[in-house]
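One structure below.
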Amino acid sequence: MIEIPTGLPAEIVPLSWLIGVWEGTGVIDYTIGDEKVSHEFGQRVSFSNDGLPYLNYSSYAWLLDDKLTPLVTEMGYWRLSRPSVEGDPGPGMLPGADPRPYSTTESVETLRNADDGFDVEVSLLHPGGVDELYIGQVKAARIDLATDAVMRSHSAKEYTAATRIYGLVGGHLLWAWDIAALGQDLRTHASARLAKTD
């Protein structure tokens, strides 16, 4: 059962089932040429809202080895995809004009797409010099994403595209992540099963 927290911006409701802290384990399974990379990892993911029409996201993962070696972190923002209007804040620190757009259930429903879901945008930043912009859709308790753009600093490893799938199954957050990196085409990379801890 999906519990929707009270007091959220109406625009966040289609994504609200993600809100909370999730923790669990997963598997890395990626083939680079003839070499297969396989590891088990632990992960802690947090989705929160600060009153604005997006979710804050952070993730920390570690190898399930003797030392629980830190693996990766990422952070970003998840929101419904729609054109910005006068009522939205920005760019920079510029405040939006009143009234705020899409502040009622009825107005958010006008954003529903032809597939009976909602288009979403997710921006994720990795400390290794990679910034990903995903587009996709949320439909009930499933999210499908594909990169629209990947930016890399001059020092980042090669990484060109990715897809991610998230779903709420039996009260657990399941996800799968395919990547195209290090000269490889888009292929299976990692997946995990997380339970809500908060």
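Being open to solvent by 40 Å² or more (accessible area, probe 1.4 Å), in a strand (DSSP E or B), touching a residue at least 40 places away in the same chain (Cβ under 8 Å) and not small (Gly, Ala, Ser) is a property that Leu168 has.
Of the residues Ala141, Ala146, the single one that is in contact (Cβ under 8 Å) with a residue 60 or more places away in the chain, exposed (fewer than 15 other Cβ atoms within 10 Å of the Cβ) and either within 10 Å of the chain's Cα centre (by Cα) or over 16 Å from Tyr57 (Cβ atoms) (or both) is Ala141.
Within segment 32-53, residues that are at positive phi reach no partner that is surrounded by 12 or more Cβ atoms within 10 Å (Cβ to Cβ) and among the basic types (Lys, Arg) with beta carbons closer than 8 Å at six or more positions or on different chains. If you go through segment 21-58 and keep only what is open to solvent by less than 30 Å² (accessible area, probe 1.4 Å) and at pLDDT 95 or above, you end up with Val21, Trp22, Gly24, Gly26, Ile28, Phe41, Gly42, Gln43, Val45, Phe47, Leu55, Tyr57. Of the candidates Gly129, Gly117, the single residue that is open to solvent by less than 30 Å² (accessible area, probe 1.4 Å), over 23 Å from Phe41 (Cβ atoms) and more than 16 Å from the chain's Cα centre (by Cα) is Gly117. Pairs linking a residue in segment 92-117 that is under 22 Å from Gly136 (Cα atoms) to a residue that is part of a loop (DSSP other than H, G, I, E, B), with Cβ atoms under 6 Å and 6 or more positions apart or on different chains, are Pro101/Val85; Pro101/Gly87; Val108/Tyr102; Leu111/Arg82.
Among the residues of this structure, Gly76 does not count as one that is exposed (fewer than 15 other Cβ atoms within 10 Å of the Cβ) and touching a Ser or Thr at 6+ places or on another chain (Cβ under 9 Å). If you go through segment 96-115 and pick out every residue that is outside any loop (DSSP other than H, G, I, E, B) and in contact with a strand residue (DSSP E or B) (Cβ under 7 Å, 6 or more places away or on another chain), you end up with 1.
The residues in segment 171-188 that are part of a loop (DSSP other than H, G, I, E, B) and free of Cβ contacts under 8 Å to residues at least 24 places away in the same chain can be counted, and the count is 1.
The values are calculated or read from the model by the stated rules, or taken from the named source; none is laboratory data. No experiment lies behind these values; they were computed from the predicted model shown. Note that each Cβ is placed from the backbone with ideal geometry, even for glycine, and that neighbours are counted across all protein chains shown. Accessible surface is based on the protein model in full, side chains and every heavy atom, while ligands, DNA and RNA are left aside. Shrake-Rupley method; radii C 1.70, N 1.55, O 1.52, S 1.80 Å.
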